[in-house]
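Engineer: The structure follows.
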Amino acid sequence: MDAPKLTLYLAGDPARFAQAVEGLQRAARERLGPEARLEVVDVLVDRERALADGVHVAPTLVLGDPRHGPRAFGDLSDARNALSTLGLDG
C-alpha cells in the first residue's frame, strides 16, 4: 500500500511558507500516519504541472491524486482545519 500523499501548490518562494508547510507535515503524519508525504509544488516554477493537475488557485492542498483528490484552498495556516476540509477529521 502506498503512503498517503498530500500535494501543496504554492506561488513563490517555498521558504516563505516554511511554517505552514511544517504544520501541514506534522498534522498529516498525526492524521495519516508516519509514512504520510507532503510534496510542495511552486506554481511559478512548474506552471505546466499545476495546470496539468487542474490547479488554478494557490495555495491549494490536495489529498491523493492531484487531478481528482479533495482540495482545500486559500489560507492553509491552520493545518488541522485544512486537513478537516479534505475530510481528514479526527
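The values are calculated or read from the model by the stated rules, or taken from the named source; none is laboratory data. No experiment lies behind these values; they were computed from the predicted model shown. Because the Cβ atoms are built from the backbone with ideal geometry, glycine has one as well, and the counts that use them run over all protein chains shown. Heads up: the accessible areas ignore ligands, DNA and RNA and are worked out on the full protein's heavy atoms, side chains in. Shrake-Rupley method; radii C 1.70, N 1.55, O 1.52, S 1.80 Å.
Engineer: Applying the selection to the stretch 65-84, what residues are closer than 13 Å to Ala28 by Cβ, open to solvent by 30 Å² or more (accessible area, probe 1.4 Å) and touching a Leu at 6+ places or on another chain (Cβ under 7 Å)?
Structural biologist: Listed by number, the list is empty, since nothing qualifies.
Engineer: Restricting the search to the stretch 36-90, which residues are assigned to a strand (DSSP E or B) and among the polar types (S, T, N, Q)? Before the answer, list the steps.
Structural biologist: The first filter runs over the stretch 36-90 and keeps only residues assigned to a strand (DSSP E or B), leaving 37-42, 60-63, 71-73.
Of everything in the stretch 36-90, just one residue is assigned to a strand (DSSP E or B) and among the polar types (S, T, N, Q), namely Thr60.
Engineer: Here's a check for you: in the stretch 50-61, which residue that is open to solvent by 30 Å² or more (accessible area, probe 1.4 Å) and either hydrophobic (A, V, I, L, M, F, W, C) or touching a helix residue (DSSP H, G or I) at 6+ places or on another chain (Cβ under 7 Å) (or both) is farthest from Ser77 (Cα to Cα)?
Structural biologist: Applying the filter and picking the extreme gives Ala52.
Engineer: Which residue pairs have Cβ atoms under 7 Å apart, sit 6 or more places apart or on different chains, and have a first residue in the stretch 1-21 that is at positive phi and a second that is at pLDDT 85 or above and in a loop (DSSP other than H, G, I, E, B)?
Structural biologist: Cβ pairs passing all conditions: Gly12/Leu44.
Residue-wise test of (1) open to solvent by 60 Å² or more (accessible area, probe 1.4 Å); (2) charged (D, E, K, R); (3) over 11 Å from the mean Cα position of the chain (by Cα); (4) closer than 21 Å to Asp89 by Cβ.
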site: Leu6; (1), (2), (3), (4): no, no, no, yes
site: Ala11; (1), (2), (3), (4): no, no, yes, no
site: Leu24; (1), (2), (3), (4): no, no, no, yes
site: Arg29; (1), (2), (3), (4): yes, yes, yes, yes
site: Leu32; (1), (2), (3), (4): no, no, yes, yes
site: Glu35; (1), (2), (3), (4): yes, yes, yes, yes
site: Glu48; (1), (2), (3), (4): yes, yes, yes, no
site: Leu63; (1), (2), (3), (4): no, no, no, yes
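Engineer: If you take the residues of the stretch 1-35 that are within 17 Å of Gly74 (Cα to Cα) and part of a loop (DSSP other than H, G, I, E, B), which of them is modelled with the highest pLDDT?
Structural biologist: Only one residue fits best here, namely Ala11.
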